[in-house]
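Beneath this line is the structure, given in structure tokens, with notes to follow.
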Amino acid sequence: MKLLTANRLNDGRVIYLGEADAAVEAIDAARILDADAAEAALTLAQSRPAVFVNPYLIEVEDRAPSGRDRLKERIRSVGPTVGHSLDFAARNETP
Amino acid sequence: MYRYDEFDAALVRERIAEFSDQVDRRSSGALTEDEFKPLRLMNGVYLQLHAYMLRVAVPYGVISSRQMRRLAHVARTYDKGYGHFTTRTNIQFNWPALQDLPAILSDLAEVEMHAIQTSGNCIRNVTTDVFAGVAADEIEDPRPWCEIVRQWSTIHPEFSFLPRKFKIAIVGAPKDRAAVRTHDVGLQIVRGEDGQTAFRVFVGGGQGRLPHIAQEIAPAVPGQSLLAYLTAILRAYNLLGRRDNIHKARIKILVAAIGIDAFRDEVERQFAILRQEDLRIPDEELARIQAYFTPPPFADLPATSPAYDAARRLNPEFARFTRSNLREHKQAGYGAVIVSLKPIGGVPGDITAAQMDVVADLAARFSFHEVRASYEQNLVLPHVRLEDVHAVWSRLREAGLATANADLATDIIACPGLDYCSLANARSIPVAQALSHQLADAALLEKLGPVRINISGCINACGHHHVGHIGVLGVDRKGEEYYQITVGGSPDEQAALGEIVGRSLPAEEVAPAIARALDRYLEIRNDGELFIDTVRRLGADPFRTAIYELTDAAA
């Protein structure tokens, strides 16, 4: 199965195509696509360049990136695995 | 340091206005990503894995305390509270929003900073010796020449669309502290036969997929002719360099393909037909620029400081810091303090906004408002009175900036790797952190002495792994991170590329393997012999054996 992902135009953040064709940040909210739906999703995202920058499809198993680029896609989905961005996230987490 | 004249200020202002309009048009959809990409790259804006990234130029690594405070402001206001110093002595912000970019650039312009030519196929930020104007072995301060090259190369109409990016480094001493032989063009100040300033010129160095050490093309180009000679080199490259294959487009490939002698002939042919009078640096202009780099008003101090000596005697931790992170200054009674951006287990080159403010305050109070960025991804307070070093150290220590490891094994150079970079095959930072923890013992570090370890997350070699005494290259093996180790590289006047010791290792085996190689060095070194000299004497074999000892035994 596949997901559609891209970077968001206004801030470059990683986004996925979710339900009702919404752009969502959480991979868990991404819509799982079969082969036909994947092609349609790619066409849709390409037609919305004000949101989706460089859209492409990734392979997943149970929403976890699989395939050759699985590590890169896992890091894209959660952010850097180390460093100050994690401290920033912790500081800004709403309790 | 250099201050913008009206031309610099106008140029930066006009560029921000132009780029603001481009950002607006991109936001409105009037520009596609394909149309916008070359425009944003001309302004240092990349689109990385998680966000846009802005690379801000730090010309030849010189920063004022006011500029450092402004960088802290940018980190705090528009980013996630930190920045990352690179091996090109620039600083990168990893999380700016597209619409904020014009405001960030305007804020930076107020303190004479910009992001022009920090990416793209143009002449990039010129780098130099972080101890320029400080080191006693210097023939001449290279910074005025860096500034001249900066002015000449900024938005140079002929050289804004080169076959590929182009990097220049300049040193003013025989000791190469700027890795000039790893550059497209490396310049070393020498004395010409007439006793005047001249440049030994190296060409065709570079790392990446096909690494080359630069070769000497000219032994002593007179200073007045420097821009004409550089123009001749760039013109030859621009005409003959390949544009059909991005992997073969750097000048190193051209020089290797036709040979240094043929390339020299072409450069001399171009040099002979240049309008030399237009490119000759007028004496008064050279003097005007040199005046910006006159030494600060040093106090007339004795060579030693009783207070400093006493602090060293009383505090072993401080004494250790001074042994590793304090460098001699040509001015009596002063030293240069290396601010470590390599805390144990930290991210090499990263610095928080609060830390930037601390460095800015220390520079203002103790170092004539001056900070330097080194290509080793550290900062330097270049002019600190010996009697003030203890106060500086105390404040740095509170801020987590006083790790006593400059040039030692945990002073690891590393690119951002797959945690941030869309080109990377593997992560660099976690490997650096594991190695840093493995080698954290301060006594061990001192015993090992200077060891340069470099880590790159892909073959583009932003972590300079080819010229690390020990290099680590991340590779992708069927979706898994593996790391290839090299031994014997060197970035300095004895520049050499490291030798790949064998098959790549999984991430968790890298730090223990390197620790074994360093243990082996301690066993086999001669008295007082540095790590790199032991490698030069014995070759890579003893280290290869140590690196694969356990994995071979298990096989």
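Quick notes on this one:
- If only residues of the stretch B:19-61 that are small (Gly, Ala, Ser) and part of a helix (DSSP H, G or I) are counted, the one that is farthest from the chain's Cα centre (by Cα) is B:SER28.
- Members of the stretch A:62-95 found to be farther than 20 Å from B:TYR482 by Cβ, more than 15 Å from the chain's Cα centre (by Cα) and not polar (S, T, N, Q), listed by number: A:GLY83, A:HIS84, A:LEU86, A:ASP87, A:PHE88, A:ALA89, A:ALA90, A:ARG91, A:GLU93, A:PRO95
- Residue ranges of helices (runs of 4 or more DSSP H) in the stretch B:415-529 with at least 1 members within 14 Å of another protein chain (Cβ to nearest Cβ): B:429-438, B:507-524
- Filter result for the condition that a residue is farther than 17 Å from B:TYR52 by Cα, touching a Gly at 6+ places or on another chain (Cβ under 8 Å) and at the interface with chain B (Cβ under 9 Å from one of its Cβ atoms), over A:ALA89, A:ALA50: A:ALA89
- Within the stretch B:43-52, the set of residues being in contact with a Phe, Trp or Tyr (Cβ under 8 Å, 6 or more places away or on another chain) and either free of Cβ contacts under 8 Å to residues at least 12 places away in the same chain or within 21 Å of B:PHE166 (Cβ to Cβ) (or both) comprises B:ASN43, B:VAL45, B:TYR46.
- Applying the condition of being aliphatic (A, V, I, L, M) and in contact with an Asp or Glu (Cβ under 8 Å, 6 or more places away or on another chain) to the stretch A:10-22 and asking which residue is surrounded by the fewest Cβ atoms within 10 Å (Cβ to Cβ) yields A:VAL14.
- Condition check for B:ASP411: surrounded by fewer than 23 Cβ atoms within 10 Å (Cβ to Cβ), under 18 Å from B:ALA373 (Cα atoms) and of a type in the set (D, E, K, R): no
- Restricting the stretch B:163-179 to residues that are hydrophobic (A, V, I, L, M, F, W, C) and farther than 15 Å from B:ILE116 by Cβ leaves a set whose member that is surrounded by the fewest Cβ atoms within 10 Å (Cβ to Cβ) is B:ALA173.
- Identification of strands (runs of 3 or more DSSP E) wholly contained in the stretch B:77-183 with 1 or more residues that are among the acidic types (Asp, Glu) yields no element.
- Applying a threshold of 7 Å to beta carbon distances and a minimum spacing of six or more residues, or different chains, the list of pairs starting in the stretch B:71-98 at a residue that is facing another protein chain (nearest Cβ under 8 Å) and within 20 Å of B:GLY346 (Cα to Cα) and ending at one that is outside any loop (DSSP other than H, G, I, E, B) and among the acidic types (Asp, Glu) reads B:TYR82/B:ASP350.
- Scanning the stretch B:376-407 for residues that are hydrophobic (A, V, I, L, M, F, W, C) and closer than 23 Å to B:ASP309 by Cβ returns B:VAL380, B:LEU381, B:VAL384, B:LEU386, B:VAL389, B:ALA391, B:VAL392, B:TRP393, B:LEU396, B:ALA402, B:ALA404, B:ALA406.
- Here the condition is being under 28 Å from the mean Cα position of the chain (by Cα) and without any contact (Cβ under 8 Å) to a residue 40 or more places away in the chain; of B:VAL255, B:VAL221, B:VAL267, it holds for B:VAL221 alone.
- B:ARG385 of a type outside the set (A, V, I, L, M, F, W, C), without any contact (Cβ under 8 Å) to a residue 40 or more places away in the chain and either closer than 25 Å to B:GLN438 by Cβ or in the same structural domain as B:GLU328 (by TED's automatic domain parsing) (or both): no
- Being aliphatic (A, V, I, L, M), within 14 Å of another protein chain (Cβ to nearest Cβ), farther than 20 Å from A:ASP87 by Cα and touching an Asp or Glu at 6+ places or on another chain (Cβ under 9 Å) is true of B:LEU47.
- Flag for B:GLY186 being modelled with pLDDT under 95 and not in a helix (DSSP H, G or I): no
- Every test in (1) crowded, with 20+ Cβ neighbours inside 10 Å; (2) in contact with a Phe, Trp or Tyr (Cβ under 8 Å, 6 or more places away or on another chain) is passed by B:ILE514 save one, and that test is (2).
- Only one of the listed residues (A:LEU44, A:LEU17, A:LEU4) is in a helix (DSSP H, G or I) and within 26 Å of B:GLN99 (Cα to Cα). That residue is A:LEU44.
- Just one of the numbered conditions (1) buried (at least 21 other Cβ atoms within 10 Å of the Cβ); (2) within 14 Å of another protein chain (Cβ to nearest Cβ); (3) in contact with a helix residue (DSSP H, G or I) (Cβ under 6 Å, 6 or more places away or on another chain) is not true of B:TYR60: (2).
- Taken across the stretch A:25-36, residues that are within 12 Å of chain B (Cβ to nearest Cβ) and either modelled with pLDDT of 95 or more or not in a helix (DSSP H, G or I) (or both) do occur, with at least one present.
- Qualifying residue in the stretch A:54-64 (condition: touching a residue at least 60 places away in the same chain (Cβ under 8 Å) and exposed (fewer than 15 other Cβ atoms within 10 Å of the Cβ)): yes
- Sole residue being out of contact with any Phe, Trp or Tyr (no Cβ under 9 Å at 6 or more places or on another chain) and not aromatic (Phe, Trp, Tyr), chosen from A:ALA50, A:ALA30: A:ALA50
- The helices (runs of 4 or more DSSP H) found wholly in the stretch B:191-292 and carrying at least 3 residues that are more than 30 Å from B:CYS458 (Cβ to Cβ) occupy B:226-240, B:260-273, B:276-279, B:283-291.
- Of all residues in the stretch B:105-123, those being more than 19 Å from the chain's Cα centre (by Cα) and crowded, with 23+ Cβ neighbours inside 10 Å number 1.
- Put simply, of A:ALA45, A:ALA50, A:ALA30 the only residue that is surrounded by fewer than 18 Cβ atoms within 10 Å (Cβ to Cβ) and hydrophobic (A, V, I, L, M, F, W, C) is A:ALA50.
- When A:GLU59 is tested against (1) part of a helix (DSSP H, G or I); (2) more than 9 Å from chain B (Cβ to nearest Cβ); (3) farther than 23 Å from B:GLU33 by Cβ, exactly one condition is not met: (1).
- Sole residue being closer than 23 Å to B:THR197 by Cα and more than 14 Å from every other protein chain (Cβ to nearest Cβ), chosen from B:SER153, B:SER119, B:SER106: B:SER153
- For the stretch B:297-317, the tally of residues that are under 22 Å from B:ALA364 (Cα atoms) and of a type outside the set (S, T, N, Q) stands at 7.
- All positions within the stretch A:70-86 that are surrounded by fewer than 21 Cβ atoms within 10 Å (Cβ to Cβ), more than 7 Å from chain B (Cβ to nearest Cβ) and over 21 Å from B:GLY400 (Cβ atoms): A:ARG74, A:VAL78
- Pairs meeting the criteria (first residue in the stretch B:166-193 and without any contact (Cβ under 8 Å) to a residue 60 or more places away in the chain, second residue among the hydroxyl-bearing types (Ser, Thr, Tyr) and surrounded by fewer than 24 Cβ atoms within 10 Å (Cβ to Cβ), beta carbons under 8 Å, at least 6 apart or on different chains) are B:ILE189/B:THR197; B:ARG191/B:THR197.
The values are calculated or read from the model by the stated rules, or taken from the named source; none is laboratory data. This is a predicted model, so every value here is computed, not measured. With ideal geometry, Cβ positions are generated from the backbone for all residues, glycine too; neighbour counts draw on all protein chains shown.
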